[in-house]
Amino acid sequence: MKIAIIGKGNVGNALCNGLSSKGHEVKFGHRDPAEPVADAAKWGEIIILAVPHNNANDAIEEIRAYADGKTVIDVMNAIGSNMDLDINCTTSTAEETQKKLPKAKVVKAFNTVFAQNQSTAKVGTEQLTAFITGDDLKAKQTVAQLTKDIGFDPVDCGPLKAARNLEAMGNLIINLAYNYGMGSKIGYKLVKA
């Protein structure tokens with residue numbers, strides 16, 4: 001697939017490595033004038049928003065004209081200055097993205113995985129779970145396949161409003177890593193009996 005990644009930080013680069021290694025075409029959109037966000041969004045069949053939450057509005061504005069009908073993967077976590085969840089529990093970054101892009105098919109994914117593990121879907125030899133939420137079943141199935149391509153075990157967690165749970169999980173694992181000394185070589189795996 002042709003995948004536009006908006007944001008060229010650790011997350012954007014990790015997802016690029018993971019997806020391109022499995023044969024997907026990737027094009028970055030970035031604040032660098034050499035890689036315009038709008039050009040990438042226009043080109044991509046799927047758009048991944050991999051920008052810091054405080055840059056979301058600018059990125060969304062730049063992709064708005066090209067997002068209608070496309071799957072937009074929201075990877076963002078709203079983390080405040082004290083590593084608190086910087087969004088109230090009655091919404092999520094994904095729901096806010098959907099409000100701003102009402103004709104896009106927003107799916108929440110990848111936000112519970114540290115960037116260093118996003119290209120391999122593993123911590124050590126352990127396969128990680130990719131938790132996915134969204135209101136469009138076909139879009140979720142497409143994203144689930146992308147996560148499978150990288151090596152994740154995808155789990156459909158329900159409608160987009162369930163992204164509130166995933167963003168709390170993202171906040172938790174970030175705090176475990178950095179405030180509680182566990183480091184970033186940790187990840188979530190759903191164990192099924």
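Report every pair of residues separated by at least 6 positions or lying on different chains whose Cβ atoms are under 8 Å apart, first residue within segment 164-175 and under 15 Å from Ala94 (Cα atoms), second open to solvent by 10 Å² or more (accessible area, probe 1.4 Å) and among the hydroxyl-bearing types (Ser, Thr, Tyr).
Every condition considered, the pairs that remain are Arg164/Thr90; Arg164/Thr91; Met169/Tyr188.
Can you tell me which residue in segment 112-132 is nearest to Met169 (Cα to Cα), limited to those that are within 11 Å of the chain's Cα centre (by Cα) and assigned to a strand (DSSP E or B)?
Among them, the one singled out is Phe131.
Looking only at segment 175-193, filter to residues that are over 25 Å from Ile46 (Cβ atoms) and aliphatic (A, V, I, L, M); which one of those is most open to solvent (accessible area, probe 1.4 Å)?
Here the residue is Ala193.
Among the residues in segment 90-101, are any among the small types (Gly, Ala, Ser) and open to solvent by 20 Å² or more (accessible area, probe 1.4 Å)?
no
Return yes when Lys42 is under 24 Å from Phe131 (Cβ atoms), of a type in the set (Lys, Arg) and either open to solvent by 20 Å² or more (accessible area, probe 1.4 Å) or out of contact with any Ser or Thr (no Cβ under 6 Å at 6 or more places or on another chain) (or both) and no when it is not.
Considered against the rule, which asks whether it is under 24 Å from Phe131 (Cβ atoms), of a type in the set (Lys, Arg) and either open to solvent by 20 Å² or more (accessible area, probe 1.4 Å) or out of contact with any Ser or Thr (no Cβ under 6 Å at 6 or more places or on another chain) (or both), Lys42 comes out as no.
Could you run through segment 140-174 and say how many residues are surrounded by 16 or more Cβ atoms within 10 Å (Cβ to Cβ) and over 26 Å from Lys105 (Cα atoms)?
Number satisfying all stated conditions: 2.
Yes or no, residue by residue, for (1) under 15 Å from the mean Cα position of the chain (by Cα); (2) modelled with pLDDT under 95; (3) within 25 Å of Asn57 (Cα to Cα); (4) part of a loop (DSSP other than H, G, I, E, B):
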| position | (1), (2), (3), (4) |
| --- | --- |
| Thr97 | yes, no, yes, no |
| Pro102 | no, no, yes, yes |
| Phe110 | yes, no, yes, yes |
| Lys140 | yes, no, yes, no |
| Gln145 | yes, no, no, no |
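Can you spot a residue in segment 155-171 that is out of contact with any Cys (no Cβ under 9 Å at 6 or more places or on another chain) and assigned to a strand (DSSP E or B)?
Within segment 155-171 (the criterion being out of contact with any Cys (no Cβ under 9 Å at 6 or more places or on another chain) and assigned to a strand (DSSP E or B)), the answer is yes, since at least one residue qualifies.
Which number in (1) in a helix (DSSP H, G or I); (2) more than 14 Å from the chain's Cα centre (by Cα) marks the one condition that Lys185 misses?
(1)
The values are calculated or read from the model by the stated rules, or taken from the named source; none is laboratory data. Just so it is clear, the model here is predicted, and its values are computed rather than measured. Every residue, glycine among them, receives a Cβ derived from its backbone with ideal geometry; neighbour counts consider all protein chains shown. For accessibility, only protein heavy atoms count, side chains too; no ligands or nucleic acids. Shrake-Rupley method; radii C 1.70, N 1.55, O 1.52, S 1.80 Å.
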